[in-house]
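To start, the structure under review is shown below, and the notes come after it.
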Amino acid sequence: MQNKTDIFVSFLGNPFNDSRVINLYNSLKEKNLSCRIIGFNWESDYKYPSKENIEIIKLNKTSSLKFYFSFLISHFKSLKKSDAKIYFAEDIYTLPLSIFAARSKKAKVYYNSRELYSFIGGLRHRKFIQKIISLIERWFIHSANLVLTTGEMDSEFLLQRYGIQNSLVIRNIPLYKKEENPISIRDRFKIDHSKKILLYQGVLHEGRGIEKIIKLLPKFENLHFIIIGEGPFRKKFEKTAEENNVKDKVTFSGRVSHEELMKLTPTADIGLALIENISLSYYYALPNKLFEYIMAEVPVLSSNLPQMERIVNQYKVGLVVEPENDFEIESAVNRLLTSDLSLFKNNCKTASEELNWQKEFEKLFSRMKRDLNAEE
């Protein structure tokens, strides 16, 4: 028996940990559209929230082969039972089967190219995998009715690489929401109230500036670095902190809920968005955390990568540096530590009135209305 719905979303990941997917779900419901989301998770200790029409399928990650085989089978079964007007493939991994399902049901497909998947940092030393992903994208991207990207340069890249002209920029930006009851980071993690807080939030991967900041911490007397999130490089970063004798100046919080994170962020002094240019995907980066800091009215320390620099300089919400230049990073941190941050904070407040999901979603919904009406 098929599940009749307007929108069907597939995502290789946990949708509850992905604000883009959850924001889409909530916005569609506000427009009185039915939406079903299928996510795939492999964390053994994760407790699934309960939300209508969101299903998370547990995958076995004991081996890569078993993982991807179980993913494909589960995804195929879920799509077979679906009957939607528009299918969202929220990543390259869900694109092929979403295309097949949509074509068999005479529906539309939206492909969310949230990364330049052939060039993501974690695959830069795995050329064979990069080539496979590139071939899959090249085979299937032209079958998508709409390709969503997270920045103008991403759309330009897809135009040059694949000749894709049916793209729409929908940036990874948070809901417009100001926290009325923020939670003090200092109280929550028992940090000296006299210290300024430099915050990194997100996955602990290489190329995010985390290790660079840890190594520079001895140069800052009045700074505490807090890292909120989890990831495969946590142990390496903890070892770096130990080797540089700064364990007392770094807090690894582990994962916190998105709801709690949004309450913690406004109490930081500086937000770290120091993406390093280790891959083409990183070079084009326009990460969600940059906009989350702005929404929380936290001045940012950002890379001078083109799309990030454009936002920071346009709205004057922080400082940009060359991520490979330790002297620039040190100088910028010192400037932020000794400056009156109120001007940056006020600029963040003004920017957040424009850089929010509600406004971004309306661009997408305008296109969706045409496709939904065409199905009637």
Can you find a residue in the stretch 101-113 that is assigned by TED's automatic domain parsing to the domain that holds F40, of a type in the set (A, V, I, L, M, F, W, C), assigned to a helix (DSSP H, G or I) and touching a Lys or Arg at 6+ places or on another chain (Cβ under 8 Å)?
yes
Residue list for the stretch 313-370, filter: over 30 Å from Y87 (Cα atoms) and among the aliphatic types (A, V, I, L, M)
V317, L319, V320, V321, I329, A332, V333, L336, L337, L341, L343, A351
List every residue pair whose Cβ atoms lie under 6 Å apart, where the two residues are 6 or more positions apart in sequence or sit on different chains, the first residue falls within the stretch 327-349 and is on the phi > 0 side of the Ramachandran plot, and the second residue, located anywhere, is modelled with pLDDT of 95 or more and assigned to a helix (DSSP H, G or I).
none
Determine if the stretch 56-69 includes at least one residue that is touching a residue at least 12 places away in the same chain (Cβ under 8 Å) and touching a Leu at 6+ places or on another chain (Cβ under 8 Å).
yes
If we keep just the residues of the stretch 111-153 that are small (G, A, S) and more than 18 Å from I86 (Cα to Cα), which is modelled with the highest pLDDT?
G151
Enumeration of residues in the stretch 145-199 that are in a helix (DSSP H, G or I) and without any contact (Cβ under 8 Å) to a residue 60 or more places away in the chain
S155, E156, L158, L159, Q160, R161, Y162, D187
Pick out the one residue from I197, I133 that is more than 19 Å from the chain's Cα centre (by Cα), within 25 Å of P287 (Cβ to Cβ) and assigned by TED's automatic domain parsing to the domain that holds H258.
I197
If you go through the stretch 232-256, how many residues are crowded, with 16+ Cβ neighbours inside 10 Å and of a type outside the set (K, R)?
12
So in the stretch 163-212, with the set limited to residues that are within 30 Å of D248 (Cα to Cα) and among the polar types (S, T, N, Q), which one is surrounded by the fewest Cβ atoms within 10 Å (Cβ to Cβ)?
N181
List the pairs whose first member sits in the stretch 17-44 and is under 19 Å from I170 (Cβ atoms), whose second member is among the polar types (S, T, N, Q) and in a helix (DSSP H, G or I), and whose Cβ atoms are under 8 Å apart, counting only residues at least 6 apart or on separate chains?
S19/N288; R20/N288; S27/Q358
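The values are calculated or read from the model by the stated rules, or taken from the named source; none is laboratory data. Nothing here was measured: the structure is a model prediction, and the numbers come from that model. Counting neighbours? That spans all protein chains shown, and the Cβs are built from the backbone with ideal geometry, glycine included.
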